[in-house]
Amino acid sequence: MSMGEAGSIQVEGDRGRLQSFHEQSISVMNAMMSREWDGNDEDDDEAEGQGSMMGAIFILMNAIMGASILILPCSFGQIGIVTAVIMELFVVFIGYISHMVLADAVDKYNGSNYQDLVGRMCGPTVQLLSQFGLILYFFTLSCATHITMGDQAVKICELADGVDPDTEVEHSWYCKRDFLIPVGSMTLIFPLIWVRNISSFGYVSVFSVFAVFYIVAAIIIDYYKLALDVPEEIWMPDIGILPIMQYLPVFTLGFQCHMTSVPLYYELHQRSVAKYTVVILVTSCLVFVSYMLAGVFGLMTFGSKVNPDVLLDYSSKDGLMTIARGAISVSVIGSYPIFVFLGRGAIDDTIVQIAEKFSVQLERNSEKRRVITLLLWHGLALAIACVTSSFGIVLSFVGSIAALFMLFFPGYMLWIESRSGNWGYKVTGSILMFLGGFTFVWTIVFNVYQIAAGQS
């Protein structure tokens with residue numbers, strides 16, 4: 001950095017860009033939280049968005065990239081690098097189609113968020129189903145937050161315990177997962193769920209993107225530093241089509257940002273499908289490269305037996321990975337209040353809408369209902385995290401729900417649009433609906449079987 005006025009100008013410029021990105025993040029979040037609609041299209045004004053294309057790219061990257069990157073080396077190892085890359089490209093392609101479906105629907109129906117758009121196009125019943133999906137999605141992410149935080153805390157605590165991780169000496173009781181998850185949950189996570197104004201967490205979105213970039217860089221550096229031999233075949237293992245489909249939810253979760261995509265496009269300055277196409281393509285390319293590097297180098301470091309959470313395979317004495325564990329922990333903990341806020345809002349809307357069907361009028365955002373919902377939500381998420389040791393199964397469940405929002409609902413919207421006689425819309429919509437529905441059902445059935453069989 002240059003000195004004097006040049007340095008001052010550079011600092012102010014960087015600060016201004018960061019502040020602009022922060023303000024745009026909050027603008028999009030406010031749009032996602034806005035759930036009131038009077039049902040009159042004629043009263044809707046065309047959105048005067050202020051969002052920039054560069055800001056949109058970083059916001060989408062933050063919505064996409066997170067703890068799901070930790071399972072990629074394991075997924076690559078189970079289905080092979082070549083198959084995994086092909087599946088990633090396939091998910092990017094169908095994800096791009098559904099992004100364009102949603103953007104076109106926003107222009108036609110002026111929906112400001114995902115549920116609003118589903119309600120305007122598909123009716124209140126389908127909107128209610130989408131809200132149930134949102135509740136499941138955000139709740140499962142809340143469970144994954146506890147698991148990620150606890151698993152990384154174990155490794156960090158082992159380093160602080162001073163016991164050589166290469167020996168069989170047992171660590172102290174306070175390094176146990178069953179102790180760290182409840183303590184971390186009640187001291188670090190529980191206070192955050194009561195925050196009413198989550199705009200202060202906007203800077204976490206900036207941190208999250210660079211935290212993932214750091215993890216990718218650390219995985220690559222450690223591969224060359226450790227120089228481990230991987231004797232087994234990792235490029236094209238002999239595996240059937242159904243086992244391969246088991247990992248489709250991992251990749252749909254890895255590229256799912258469609259709930260953010262609707263308000264983001266709605267807020268985009270002088271929005272157009274062509275402009276948003278550039279945003280989606282740039283975002284997808286950056287995320288695809290990051291995922292591929294993490295998956296390939298993580299797999300080549302540990303082989304096909306790599307842990308579903310790749311950071312757990314690195315030694316507690318590894319300084320690079322200790323920082324990575326702290327970074328991913330802060331990232332997911334910072335996202336937790338957003339999951340709870342949006343999930344609680346979907347629960348409240350669902351309760352009110354169901355009550356209205358029985359001619360019962362309930363107050364929206366009741367304080368008593370809010371407290372009860374938050375306590376039940378957090379307590380149940382903590383309990384599930386304590387008894388669930390498989391990080392992979394939890395993310396697989398999340399991915400199956402993500403497939404509904406990436407594929408099924410956009411496909412249904414496209415199928416509705418095909419009533420005008422456009423057979424291309426009908427065929428494409430049917431394919432998206434089938435892929436989303438199949439991924440959801442197959443994953444639920446497969447994981448229930450795995451749990452019943454005592455496998456992970």
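The values are calculated or read from the model by the stated rules, or taken from the named source; none is laboratory data. For clarity, every value in this text was computed on a predicted model and none was experimentally measured. Ideal geometry is used to build each Cβ from the backbone, glycine not excepted, and the neighbour counts take in all protein chains shown.
General remarks:
- Residue in the stretch 253-265 that is at pLDDT below 80, in a loop (DSSP other than H, G, I, E, B), closer than 30 Å to THR140 by Cα and within 25 Å of the chain's Cα centre (by Cα) present: no
- Selection within the stretch 341-373 - closer than 21 Å to GLN115 by Cα, among the hydrophobic types (A, V, I, L, M, F, W, C) and modelled with pLDDT of 85 or more: ILE347, ILE351, VAL352, ILE354, ALA355
- Residue match in the stretch 242-251 (condition: closer than 25 Å to LEU117 by Cβ, at pLDDT below 85 and of a type in the set (S, T, N, Q)): no
- Residue in the stretch 433-452 that is crowded, with 16+ Cβ neighbours inside 10 Å, under 26 Å from VAL306 (Cβ atoms), at pLDDT below 80 and over 22 Å from the mean Cα position of the chain (by Cα) present: yes
- Answer residue from the stretch 114-133, given it is among the aliphatic types (A, V, I, L, M) and surrounded by fewer than 24 Cβ atoms within 10 Å (Cβ to Cβ) and is farthest from GLY319 (Cα to Cα) among those: MET121
- Looking only at the stretch 395-432, and only at residues there that are of a type in the set (S, T, N, Q) and part of a helix (DSSP H, G or I), the one that is surrounded by the most Cβ atoms within 10 Å (Cβ to Cβ): SER400
Every residue, every condition in (1) of a type in the set (A, V, I, L, M, F, W, C); (2) within 26 Å of ILE328 (Cα to Cα); (3) touching a strand residue (DSSP E or B) at 6+ places or on another chain (Cβ under 6 Å), yes or no:
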| residue | (1), (2), (3) |
| --- | --- |
| GLU267 | no, no, yes |
| ARG271 | no, no, no |
| TYR276 | no, no, no |
| VAL282 | yes, yes, no |
| CYS285 | yes, yes, no |
| PHE302 | yes, yes, no |
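- Test: residue in the stretch 421-431 that is free of Cβ contacts under 8 Å to residues at least 12 places away in the same chain and on the phi > 0 side of the Ramachandran plot: yes
- Checking each residue in the stretch 107-131 for being of a type in the set (Phe, Trp, Tyr) and more than 17 Å from the chain's Cα centre (by Cα) picks out only TYR109.
- Some residue of the stretch 323-331 being surrounded by fewer than 20 Cβ atoms within 10 Å (Cβ to Cβ) and of a type in the set (Lys, Arg): no
- For the stretch 327-369, residues that are part of a helix (DSSP H, G or I) and touching a residue at least 12 places away in the same chain (Cβ under 8 Å) total 29.
- Residues in the stretch 166-206 that are out of contact with any helix residue (DSSP H, G or I) (no Cβ under 6 Å at 6 or more places or on another chain), modelled with pLDDT under 70, over 15 Å from GLY334 (Cβ atoms) and in a loop (DSSP other than H, G, I, E, B): 6 in all.
A quick yes/no check of all residues on (1) assigned to a helix (DSSP H, G or I); (2) modelled with pLDDT under 50; (3) polar (S, T, N, Q):
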{"site": "ARG15", "(1), (2), (3)": "yes, yes, no"}
{"site": "SER25", "(1), (2), (3)": "yes, yes, yes"}
{"site": "GLY39", "(1), (2), (3)": "no, yes, no"}
{"site": "ASN62", "(1), (2), (3)": "yes, no, yes"}
{"site": "SER68", "(1), (2), (3)": "yes, no, yes"}
{"site": "PRO73", "(1), (2), (3)": "yes, no, no"}
{"site": "PHE76", "(1), (2), (3)": "yes, no, no"}
{"site": "THR83", "(1), (2), (3)": "yes, no, yes"}
